[in-house]
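Everything below concerns the one structure shown next.
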Amino acid sequence: MNSLVQAITDMREEEAVRTAKEMLDTGVSPLQVLADCREAMSAVGRKFEKGEYFVSELILAGEILKAISAEVRPRLQQTAQTKQGPKVLLGTVKGDIHDIGKDIVNFMLDVNSFQVTDLGVDVAPSVFVEQIKQREPLVVALSGFLTLSYTSMKETVEAIAAAGLRDKVKIMIGGGTVDQQVCSYAGADAFGKDAMAAVALAKQWTEGKIHAQQNVR
Amino acid sequence: MPSKTFVDPDVGKAPAQLYAERMKRFVDVYQLKQPDRIPIQLGFGYMLAEMYGVTRQEQHENGAKELEMMEKAGACFQPDSIMGLFNNPAVSLAVGDLMTKFPGHGLDPNGSFQFVEGEYMKAEDYDAFIDDPADWGIRKYWPRVFSELGGMGLLPPLGMATFGVYGLYTLGSLAAPPLAKALRVMAHAVEAQAAADQRAVQTVQRMAELGFGPPTFMGALIEAPFDLMSDTLRGMRGIMLDMHRHPDKLLAAQEKVLRFQIEYAVAWCNATGIKVAFIPLHRGSDGFMSLAQFEKFYWPQLKAMQVGLVEAGIMPFVFYEGVWDQRLRYLADLPKGKTTGLFQSSDIFKVKRAVGDTMCIMGGMPNSLLQAGTAEQVRDLTKRLCAEVGKGGGYIMSVGVGEMEGCRPELVKAWVEATKEYGVYH
């Protein structure tokens, strides 16, 4: 682990940003700095999984990454390689504007190399359907905190089925007090209690399917 | 299967007798004593609108209609205590509150009331807040969060306006049109909230006349100091960064918040005679912060708040939202038999083992089971809750939140019956 990776992983914000600047000033390639950031974010994700880090560290890590990206961007000649991982469509269902759990799931999927499209909060079933057609994800993740979201999740799954897309995607739900009862009620494929469960499900569902998806493109 | 031979022991009793019996059940369990039977509270929330076919907007705004629905539901289900919704949008609408969204106002008429969190106080505002929270709050914060109170930003510094005859000479500045408008809005908001308070009191009185015990959430509404800073001022993102970037300022601000909240709760309880403070918790549960952060930024302040209230003769009724399984041992330090905890998604059996001799426990029935389970599953869980969590008393049967939207009436009926059957102490 080099000093940049270490500083980010240990949440030393000022030192991390300063180190990144120094690296760029002394001729280290911007792509290398970004690669270090990715390595550090994976380490942060692992600490979150182990229960050593919590929401505050994920948010701070995001802030550090933003500050370093601002330094890197002007010096970037070529665009960084786009991610090749399986696609996941994520959003908080209609009528619910809670985003904390969804954002954590986004972070954890992202550091595990998934290509996540976050549709935000209060997302109507029709928007999920439209985005599935457009982006062809393998996994759809529905988030909701309110008890009202159970019904919205069910309506979203029904809309996906009505559009003839149900067998094209695996659907997971999570957030608040979601459990197996809610999962059956909503007609989802599985539920997850936390962001690690979301990653495990997404991995399980997409294993061996990445290449198939790439071939289509 | 629901037992077909069930005869409700409460049917046929006079309301005054029912009220006395139900009231005694709550008084007993609050003191960790064993009552005659485990009390059950139905916090119906939006389930009332669903059962009786009105919009959620109407339920929030039409107090008479809500009372009528509570009377019907009370007669039908016969719980020990019953609750509808806790809030009316009138005051929020009057001031242009940007921190809440109500059905029919920025949401579908059947949408669900929600808070809109934001970074309404910036990190650079900490010094001004700590120096004088009220002055900063009225002149800087109100214009940011209440769209109709923008004129308050034109007030002179409150210290200047307060003291001596020279202070009186500043009052002319209140005639500036935006400020004059803000003051009129305030007067209207005061009337709206006073009317809502009066309706709430009438509802509680009417339900008591019909024989129902007190709604458990009724009390001075305050927050853990960390949560007040997070929910209303810094937003979750801001406060999470503050623990890393501005730890000392966050602690200093919480000290101020702790002081004025206790002072308010004591005054409210003295004025109403209701010696309860309702404290819904948000960011202290498992997952948001580490135990080290919890020990520094959350628990000492919340514990001081609860101890302060108990010393003033007030019962903290604390809503432990989310999961608290990893931090139950801290709760065991609270004064014994002086507080109540409503647990949303914690392992309720673990809660009983950890704090059963410390506080009265409420909760245990998942909303999802009343929504998508079977009567048999509901009865089985109720039986287990009564036997294990109800053991020795100090337990109130309830769902884990003050809301039962989407729950099926026949399952709720089976649940109440099972509680009256298995919850009897012999």
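The values are calculated or read from the model by the stated rules, or taken from the named source; none is laboratory data. Since we're looking at a predicted model, the values are computed, not measured. As a convention, Cβ positions derive from the backbone with ideal geometry for all residues, glycine included, and neighbour counts pool all protein chains shown.
Below are the figures for this structure:
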{"read-out": "Residue in segment B:313-323 that is in contact with an Asp or Glu (Cβ under 6 Å, 6 or more places away or on another chain) and either surrounded by fewer than 21 Cβ atoms within 10 Å (Cβ to Cβ) or of a type outside the set (A, V, I, L, M) (or both) present", "value": "yes"}
{"read-out": "Any hit, segment B:259-276, residues being surrounded by 20 or more Cβ atoms within 10 Å (Cβ to Cβ), in a loop (DSSP other than H, G, I, E, B), more than 17 Å from the chain's Cα centre (by Cα) and modelled with pLDDT under 95", "value": "no"}
{"read-out": "Any chance residue B:203 is of a type outside the set (Lys, Arg) and touching a Gly at 6+ places or on another chain (Cβ under 9 Å)", "value": "yes"}
{"read-out": "Qualifying residue in segment B:106-113 (condition: part of a helix (DSSP H, G or I), surrounded by fewer than 22 Cβ atoms within 10 Å (Cβ to Cβ) and in contact with a Lys or Arg (Cβ under 7 Å, 6 or more places away or on another chain))", "value": "no"}
{"read-out": "Given (1) hydrophobic (A, V, I, L, M, F, W, C); (2) within 14 Å of chain B (Cβ to nearest Cβ); (3) not in a helix (DSSP H, G or I), index of the condition residue A:1 fails", "value": "(2)"}
{"read-out": "Residues of segment A:167-195 satisfying the condition of being within 11 Å of chain B (Cβ to nearest Cβ), in contact (Cβ under 8 Å) with a residue 40 or more places away in the chain and farther than 16 Å from residue B:322 by Cβ", "value": "A:186"}
{"read-out": "Selection within segment A:167-181 - part of a helix (DSSP H, G or I) and surrounded by 18 or more Cβ atoms within 10 Å (Cβ to Cβ)", "value": "A:181"}
{"read-out": "Hey, residue B:399 within 14 Å of chain A (Cβ to nearest Cβ), of a type in the set (Val, Ile, Thr) and either buried (at least 24 other Cβ atoms within 10 Å of the Cβ) or out of contact with any helix residue (DSSP H, G or I) (no Cβ under 8 Å at 6 or more places or on another chain) (or both) or not", "value": "yes"}
{"read-out": "Candidate set: segment A:95-136, residues that are farther than 28 Å from residue A:63 by Cβ and assigned to a loop (DSSP other than H, G, I, E, B); chosen: the one farthest from the other protein chains (Cβ to nearest Cβ)", "value": "A:136"}
{"read-out": "Residue selected from segment B:222-249 under the condition of a type in the set (Asp, Glu) and either within 14 Å of chain A (Cβ to nearest Cβ) or assigned to a helix (DSSP H, G or I) (or both), by the criterion farthest from residue B:141 (Cα to Cα)", "value": "B:248"}
{"read-out": "Set B:285, B:290: member being farther than 21 Å from residue B:216 by Cα, among the polar types (S, T, N, Q) and free of Cβ contacts under 8 Å to residues at least 12 places away in the same chain", "value": "B:290"}
{"read-out": "Set A:31, A:24, A:58: member being more than 14 Å from every other protein chain (Cβ to nearest Cβ), assigned to a helix (DSSP H, G or I) and at pLDDT below 90", "value": "A:31"}
{"read-out": "Residues of segment B:385-426 satisfying the condition of being closer than 19 Å to residue B:348 by Cβ, among the acidic types (Asp, Glu) and not in a helix (DSSP H, G or I)", "value": "B:403"}
{"read-out": "Set B:118, B:96: member being touching a Phe, Trp or Tyr at 6+ places or on another chain (Cβ under 6 Å) and in contact (Cβ under 8 Å) with a residue 40 or more places away in the chain", "value": "B:96"}
